[in-house]
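Here is the structure we will look at, set down as structure tokens.
The values are calculated or read from the model by the stated rules, or taken from the named source; none is laboratory data. The model shown is predicted, which means the values in this text are computed figures rather than measured ones. Neighbour counts run over all protein chains shown; Cβ positions are idealised from the backbone, glycine included.
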Amino acid sequence: MPDEHYHYLETLQYSDKLLPIGVASEYLDFHGIDSHQNTASGLLRVLTELFRPMTGRETVAVPVMPVDYPLLYLPQIIGLSLGRLLRANFVTAFLMGRLAALLFFVLCLYKAVSLVPRYKTVWGLVGILPMTLQQAASYSY
């Protein structure tokens with residue numbers, strides 16, 4: 001997504017407010033999100049850095065973003081904060097925020113499909129369409 005780094009920055013600000021001072025003072029490098037020219041270079045970065053330990057190279061200052069809807073970012077905030085508490089590197093912590101958003105979506109989809117009286121299969125299939133899952137597993141609210 002072209003604006004994924006803006007959503008990440010908004011999530012990062014709320015993650016800072018939740019975390020202790022020592023962890024909250026570290027900003028994770030978001031520059032790699034919007035600098036990839038194609039999907040292959042982004043996937044290569046994920047594969048090479050996923051389980052690499054965190055180093056000091058990743059601390060950078062980030063601009064303050066206005067946050068409009070903090071409650072809508074709650075799953076991403078929880079996932080990113082958990083990754084930062086575990087001292088994960090940028091890629092792993094970033095993906096933990098996306099995974100938390102996806103898990104929350106799956107929980108909501110399950111509850112919605114179980115509540116509708118008819119056409120459960122149709123609603124379930126709409127919920128697992130590729131575009132729906134791409135949006136659900138992003139930092140976008």
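Remarks
- The residues in segment 107-122 that are without any contact (Cβ under 8 Å) to a residue 12 or more places away in the chain and within 29 Å of E4 (Cα to Cα) can be counted, and the count is 4.
- Within segment 98-141, the residues that satisfy the criterion of being assigned to a helix (DSSP H, G or I) and of a type in the set (K, R) are R98, K111, K120.
- Residues satisfying the stated conditions in segment 105-120, i.e. exposed (fewer than 13 other Cβ atoms within 10 Å of the Cβ) and either under 21 Å from I78 (Cβ atoms) or within 28 Å of the chain's Cα centre (by Cα) (or both): L107, Y110, K111, S114, L115
- Inspection of segment 98-117 finds a residue satisfying the criterion of being closer than 17 Å to Q13 by Cβ, of a type in the set (A, V, I, L, M) and modelled with pLDDT of 80 or more.
- Residue under evaluation V126, criteria (1) surrounded by fewer than 20 Cβ atoms within 10 Å (Cβ to Cβ); (2) under 12 Å from the mean Cα position of the chain (by Cα); (3) more than 16 Å from L18 (Cα to Cα); (4) not charged (D, E, K, R), criterion not met: (2)
- On inspection, L28 does not qualify as touching a Ser or Thr at 6+ places or on another chain (Cβ under 9 Å), at pLDDT below 90 and over 17 Å from D16 (Cβ atoms).
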